[in-house]
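Step one of this worksheet: look at the structure below.
The values are calculated or read from the model by the stated rules, or taken from the named source; none is laboratory data. Quick caveat, the model's predicted, so the values are computed rather than measured. Neighbour counts run over all protein chains shown; Cβ positions are idealised from the backbone, glycine included. Accessible surface is based on the protein model in full, side chains and every heavy atom, while ligands, DNA and RNA are left aside. Shrake-Rupley method; radii C 1.70, N 1.55, O 1.52, S 1.80 Å.
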Amino acid sequence: MIGKDILSFWLGQVIPSRCLGCGAPSSALLCNRCLEAVKVISGSCARCGLPYPENVPICGACVGKRLYLDSVISLYIYQSPLKEVIHRWKYLRSYRAWNLLRDLFLSAIEAKKETLRALSVHAVVPVPLHWSRRWVREFNQSKMLSILVGDFLSIPVMEAVKRVRYTPPQRGSSYHKRKENIQGAFALKEEVRGKRILLVDDVATTLATASEIGRILAKGGASEVHLLVLARTVKAGS
């Protein structure tokens with residue numbers, strides 16, 4: 001990590017810094033315009049995490065969905081420029097993007113600390129990657145976020161669930177299609193009986209993946225499963 005810090009410093013001396021969102025010259029990771037476009041979710045549906053002007057227990061988007069989640073806490077809206085920053089982190093292994101997302105994540109969980117602590121969870125569980133995707137990406141983004149929130153809440157991170165079947169990227173798929181594709185993709189690998197679990201992921205779209213993991217955890221005896229996501233999509237049908 002120190003080596004990367006030194007490399008980033010020297011590269012910064014010869015390569016002009018640019019905004020991670022729009023690419024404009026910027027001494028900061030995000031220019032002022034892009035920083036203002038990063039939208040914090042202050043009010044949301046407690047059941048699915050979609051943003052609302054104020055907190056609501058359930059919203060219309062939840063109708064017809066059986067979610068194996070006791071609550072969903074969403075931190076930011078998944079839109080530009082946050083979308084581009086997350087892409088740079090996950091697919092381009094951008095160290096600068098991770099620095100920015102780490103700061104945004106820590107700031108948001110600090111703002112939600114009362115809600116998070118009130119859950120009284122026993123462990124943080126990252127959404128797992130299939131080994132082949134983990135090998136290509138070289139890291140699990142959900143585990144990196146899980147470590148941050150685990151340290152913040154002073155509770156352990158448990159890789160309690162493993163992905164046992166590869167599933168292709170599901171971008172653009174409906175909730176019901178995703179739910180069908182993800183069935184049988186996960187299995188329990190650690191004892192969770194009687195535990196309250198905080199599941200962590202970077203982006204939530206339809207909640208099909210998180211709900212399936214919640215089902216596996218509940219089947220294994222977890223008493224509660226809550227989801228914390230860095231960013232939540234707000235498209236129709238999400």
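Overview of results
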item: First in segment 137-155 and under 22 Å from residue 118 (Cβ atoms), second anywhere and surrounded by fewer than 16 Cβ atoms within 10 Å (Cβ to Cβ) and at pLDDT 95 or above, Cβ under 7 Å, 6 or more apart; result: 148/102; 148/106; 150/156; 153/117
item: Which numbered condition residue 121 fails, given (1) of a type in the set (Val, Ile, Thr); (2) at pLDDT 95 or above; (3) open to solvent by 30 Å² or more (accessible area, probe 1.4 Å); result: (3)
item: Any hit, segment 133-151, residues being over 28 Å from residue 166 (Cβ atoms) and either open to solvent by less than 50 Å² (accessible area, probe 1.4 Å) or of a type outside the set (Lys, Arg) (or both); result: yes
item: Test: residue in segment 5-14 that is at pLDDT below 95, outside any strand (DSSP E or B) and either within 23 Å of the chain's Cα centre (by Cα) or among the charged types (D, E, K, R) (or both); result: yes
item: Yes/no for residue 54 being under 29 Å from residue 154 (Cβ atoms), among the acidic types (Asp, Glu) and open to solvent by 30 Å² or more (accessible area, probe 1.4 Å); result: no
item: Residue list for segment 73-95, restricted to those being part of a helix (DSSP H, G or I), open to solvent by less than 10 Å² (accessible area, probe 1.4 Å) and under 20 Å from residue 234 (Cα atoms); result: 82, 85, 86
item: Positions within segment 57-72 being in a helix (DSSP H, G or I) and open to solvent by less than 20 Å² (accessible area, probe 1.4 Å), in sequence order; result: 62
item: Residues (over 18 Å from the mean Cα position of the chain (by Cα) and at pLDDT below 90) located in segment 124-163; result: 131, 132, 135, 136
item: Residue 112, sole failed condition from (1) within 16 Å of the chain's Cα centre (by Cα); (2) closer than 16 Å to residue 201 by Cβ; (3) open to solvent by less than 30 Å² (accessible area, probe 1.4 Å); result: (3)
item: Checklist (1) farther than 12 Å from residue 230 by Cβ; (2) assigned to a helix (DSSP H, G or I); (3) among the hydroxyl-bearing types (Ser, Thr, Tyr) applied to residue 120, failing item; result: (2)
item: Those residues of segment 26-56 which are among the hydrophobic types (A, V, I, L, M, F, W, C), touching a Cys at 6+ places or on another chain (Cβ under 8 Å) and not in a loop (DSSP other than H, G, I, E, B), in sequence order; result: 34, 45, 56
item: Checking residue 163 against (1) open to solvent by less than 70 Å² (accessible area, probe 1.4 Å); (2) touching a residue at least 60 places away in the same chain (Cβ under 8 Å), the condition it does not meet; result: (2)
item: Check on residue 60, within 28 Å of residue 221 (Cα to Cα) and not hydrophobic (A, V, I, L, M, F, W, C); result: no
item: Qualifying positions in segment 183-205 - within 26 Å of residue 114 (Cα to Cα) and assigned to a loop (DSSP other than H, G, I, E, B); result: 192, 193, 194, 195, 205
